[in-house]
Amino acid sequence: MKKHVVVEPYNKEWKSDFIAIRDELDAVLKDIVLKIEHVGSTSVEGLSAKPVIDIDVVIKDTTVLPDVISALQTIGYFHEGDLGIPGREAFKYEGKEHLRKHHLYVCSQDSEELKRHITFRDYLRSNPDAVEEYSKIKEEAANLYSWDIDKYIEHKSPVIEMIYKRIGL
């Protein structure tokens with residue numbers, strides 16, 4: 001199945017969309033998680049992005065993962081495993097039409113994947129030139145490969161790798 005790749009200019013509503021999702025998650029997770037982080041491109045003011053909110057739920061360690069899985073099931077989330085990325089547990093959902101589309105991950109506080117997400121986000125938040133550069137390549141990739149997510153990712157990868165190098169990842 002082909003997936004249409006859409007990249008939009010930054011939308012200030014993404015911040016409130018995250019808060020709505022976070023509040024729903026927090027209602028069942030507040031006593032078992034450390035924090036809920038808005039990561040990914042929608043978390044960076046001014047950055048063009050696919051209009052999907054990326055969220056990392058941060059846990060102390062994997063000993064609490066079963067409790068998190070159970071709590072999330074009560075509000076319509078289903079554990080998918082790490083989907084080939086160690087240190088990041090993925091969840092899909094049903095019945096969330098009232099919320100913006102989102103990707104939900106659970107990471108231990110010492111997870112390399114969490115560190116990568118936070119470091120990348122924070123670098124972009126404090127570097128407007130990098131935001132402009134990354135926005136341009138994402139928009140270009142979406143225009144060139146609007147029906148090929150793999151080519152879209154491949155096209156923007158050199159810029160991501162360059163940023164990783166700058167921030168020591």
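Structural remarks
- On inspection, H4 passes the criterion of being modelled with pLDDT under 95 and within 28 Å of E139 (Cβ to Cβ).
- Whenever a residue of segment 101-120 is in contact (Cβ under 8 Å) with a residue 12 or more places away in the chain and more than 19 Å from D26 (Cβ to Cβ), its partners that are among the acidic types (D, E) and surrounded by fewer than 17 Cβ atoms within 10 Å (Cβ to Cβ), lying with C-beta atoms within less than 8 angstrom and at least six residues away or across chains, give the pairs D110/D61.
- Residues that are of a type in the set (G, A, S) and free of Cβ contacts under 8 Å to residues at least 40 places away in the same chain, drawn from segment 52-91: S70, G76, G81, G84, G87, A90
- Any hit, segment 76-98, residues being among the hydrophobic types (A, V, I, L, M, F, W, C), part of a loop (DSSP other than H, G, I, E, B) and over 15 Å from the mean Cα position of the chain (by Cα): no
Every residue, every condition in (1) more than 15 Å from the chain's Cα centre (by Cα); (2) surrounded by fewer than 13 Cβ atoms within 10 Å (Cβ to Cβ); (3) part of a loop (DSSP other than H, G, I, E, B), yes or no:
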{"position": "V6", "(1), (2), (3)": "yes, yes, yes"}
{"position": "W14", "(1), (2), (3)": "no, no, no"}
{"position": "F18", "(1), (2), (3)": "no, no, no"}
{"position": "D23", "(1), (2), (3)": "yes, yes, no"}
{"position": "V28", "(1), (2), (3)": "yes, no, no"}
{"position": "D31", "(1), (2), (3)": "yes, yes, yes"}
{"position": "V57", "(1), (2), (3)": "no, no, no"}
{"position": "T63", "(1), (2), (3)": "yes, yes, no"}
{"position": "S70", "(1), (2), (3)": "yes, yes, no"}
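The values are calculated or read from the model by the stated rules, or taken from the named source; none is laboratory data. The structure displayed is predicted, hence computed values, not measured ones. Quick reminder, even Gly has a Cβ in these numbers, built from the backbone with ideal geometry, and neighbours come from all protein chains shown.
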